[in-house]
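Here the structure is laid out as structure tokens; the discussion comes afterwards.
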Amino acid sequence: MDKLIIHGGKRLSGEVAVSGAKNAALPLLFATLLSPGPHRLANLPRLRDITTAERLLAGLGAEVDSSNGTLKIATEQINSMEAPYELVRTMRASVLVLGPLLARYGKARVSLPGGCAIGARPINLHLKGLEAMGAEIHLENGYVEASAARLEGARIHFDVPTVGGTENLMMAATLARGTTILENAAREPEIIDLAKALQGMGASIEGAGTDTIMIEGVDDLSPMDYQVMPDRIEAGTFLVAAAMTGGRVGVKGACAEHMEALLSKLEEAGATVAASPETLWVEGPQEIQSVNIKTQPHPGFPTDMQAQFMAMMTLGNGTSMITEAVFENRFMHVSELQRMGADISIEGHTAAVKGVSALHGAPVMATDLRASACLVLAGLAADKTTEISRIYHLDRGYENLEEKFRSLGADIERVPEQK
Ligand code: EPZ
């Protein structure tokens, strides 16, 4: 297992290119199950979660051929309907095969994902929606077994806006008989990206990006030819790194429109934000202002940026109240930040982060993807040396993270754990 060694205290400066978005690419990959193809997906990030999705598709019988960030995929020969536990366990987004398999083949067997480091994360709303569309669903031996002759359009109201649930049902509805209306749907940019790709395949979808999405089912879809949107969370991670090290960083290809909540909080914290058509720039303040955040479904502040923003707030000039309102257990980075000298106390879903004058390098351990990113940022701003172990979490969601940070002047190195 590798670890990262960071000698902190350098101001980051320069320009870095954003990669394709993991959380857009995953549903797009599974949407290829909706038509035989051949499909073409460009700007795919090279990440462990993407490889897992490719393995899952290959296990179902798809032919997958990837080179230079472009994936060619044919799903003519799908001969298995099962997403096995080994894959779903390592990547929860695997449950997104459910909608497409049911819609095109009338059956699917998908392992229940179980809880994970950031919360229980049930898929009850995905299943309830598919049942409303006429699917028969049984839970057996830890697997969801679903079948339907042909899915029927339905009006589905989500109790909470779920990103994966909206994606699963939107995909299922493209081939259902009749009209499906998704209410209280998630509004994340990744939902819009998926809708655009499906529209390119001939699907009839209106309202993606609002809380009501209407899908008129069609009999079949054509191949997908699509370019994955830029990763707003990766971009945000670099921008917060710039702000908290007092540097100036441009992220080429980042889309400011996808990141309004974060950018406005960065400005409130004293950073300067400037956007040109190609690049989004952030310059750090002399003194970081402590600001409050509360995570919310899009367009609110993204839960996937909460940990990184907290790293910055540890160096604020007052107290920042950070409330996590999307997941129940997404504060595992707090105890590691405390080991680096941060002053944080948690009460329920809120962390009170009292700014300190400096963070100090320490050995720390990553517990999930964004918590790992938070520790990298803390290490970049801290004095002395930070060693981060269990960085395989980072490889699930950040492409060439240390090379990108090095190109901005960071002193960061990946070494085998035993070294
Ligand atoms: C997506 O997860 C992202 N993953 C997550 O990214 C992200 O944190 C999350 O959306 C919220 O923005 C992918 O896109 C692959 P949800 P998802 O369903 O779809 C509850 C990262 O770091 N809920 O929107 O699984 C759920 O427990 C990650 O890249 C139900 O109760 O999230 C949570 O509290 C991690 N029942 C809330 O809804 C359901 O059936 C939002 O979850 C589904 C969800």
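Here are the numbers for this structure:
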{"item": "Gained length - ASP225 relative to GLN296, 0.36 nm times residue gap less alpha-carbon distance", "result": "22.4 nm"}
{"item": "Among VAL251, VAL218, VAL16, residue whose mean-square fluctuation peaks in a GNM of the chain (springs only between Cα atoms under 10 Å)", "result": "VAL218"}
{"item": "Integer Hz, Karplus 6.51/-1.76/1.60 couplings in order for region 215-220, x for Gly and Pro", "result": "10, 9, x, 10, 7, 8"}
{"item": "Computed helical MRE - 222 nm, the chain, DSSP H runs ≥ 4 contributing -39500 (n - 2.57), nearest 500", "result": "-9000 deg cm²/dmol"}
{"item": "Cα gyration tensor shape for region 233-300, rounded if a/c is under 1.5, else prolate or oblate", "result": "oblate"}
{"item": "Residues of type lysines that LYS3 reaches as a straight line, Cα spacing below 30 Å, ignoring anything fewer than 8 places off in the same chain", "result": "LYS22, LYS252, LYS354, LYS384, LYS404, LYS419"}
{"item": "Stokes-Einstein D (µm²/s) once Rh is taken as the Kirkwood radius of region 132-184 over alpha-carbon pairs, at 4 °C in 1.567 mPa s", "result": "109"}
{"item": "Calculated FRET efficiency for the pair GLU136/ARG11, C-beta based, R₀ 45 Å, to 0.05", "result": "0.15"}
{"item": "Length added when fully stretched, GLU86-LYS72, from 0.36 nm per residue minus Cα-Cα", "result": "2.6 nm"}
{"item": "Charged-residue dipole, Cβ positions (Lys, Arg, Asp, Glu), region 109-205 about Cα centre, Debye nearest 20", "result": "140"}
{"item": "Angle in degrees between helix 232-244 and the longest Cα principal axis of the chain, rounded to the nearest 10", "result": "10"}
{"item": "Region 374-419: C-alpha gyration tensor shape, a/c 1.5 cut-off, then a/b vs b/c", "result": "rounded"}
{"item": "Per-residue ³J(HN,Hα) for region 70-87, Karplus 6.51 cos²θ - 1.76 cosθ + 1.60, θ = phi - 60°, Hz, x for Gly and Pro", "result": "10, 10, 10, 8, 10, 10, 5, 9, 5, 10, 10, 10, 10, 9, x, 3, 4, 8"}
{"item": "Where the chain is the region considered: accessible area per residue in Å², 1.4 Å probe", "result": "39"}
{"item": "Extension gain (nm, one decimal) between GLU145 and SER389, 0.36 nm per residue minus Cα-Cα", "result": "84.1 nm"}
{"item": "Three-way shape label, region 189-242, alpha-carbon gyration tensor, a/c 1.5", "result": "oblate"}
{"item": "Mean shadow area of the chain over all directions, Cα convex hull, nm²", "result": "18.5"}
{"item": "Debye, to nearest 20: dipole size of the chain, +1 on Lys, Arg Cβ, -1 on Asp, Glu Cβ", "result": "620"}
{"item": "Nearest-20 debye value, region 1-115 charge dipole, Cβ charges on Lys, Arg, Asp, Glu", "result": "340"}
{"item": "Calculated FRET efficiency for the pair GLU347/ALA274, C-beta based, R₀ 30 Å, to 0.05", "result": "0.20"}
{"item": "J(HN,Hα) series, region 265-281, from Karplus relation 6.51 cos²θ - 1.76 cosθ + 1.60, nearest Hz, glycine and proline x", "result": "5, 5, 5, 4, 7, x, 7, 9, 10, 9, 10, 9, x, 9, 9, 10, 10"}
{"item": "The chain, accessible surface, carbon-and-sulfur percent (1.4 angstrom probe)", "result": "46"}
{"item": "Candidate residues ARG109, ARG48: accessible-area rank, largest first, probe 1.4 Å", "result": "ARG48, ARG109"}
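The values are calculated or read from the model by the stated rules, or taken from the named source; none is laboratory data. Predicted model, so just to flag it, every value in this text is computed and none were measured. Don't worry about glycine lacking a Cβ; one is built from the backbone with ideal geometry, like all the others, and counts go over all protein chains shown. Just the protein is used for accessible areas: all its heavy atoms, side chains included, with ligands, DNA and RNA removed. Shrake-Rupley method; radii C 1.70, N 1.55, O 1.52, S 1.80 Å.
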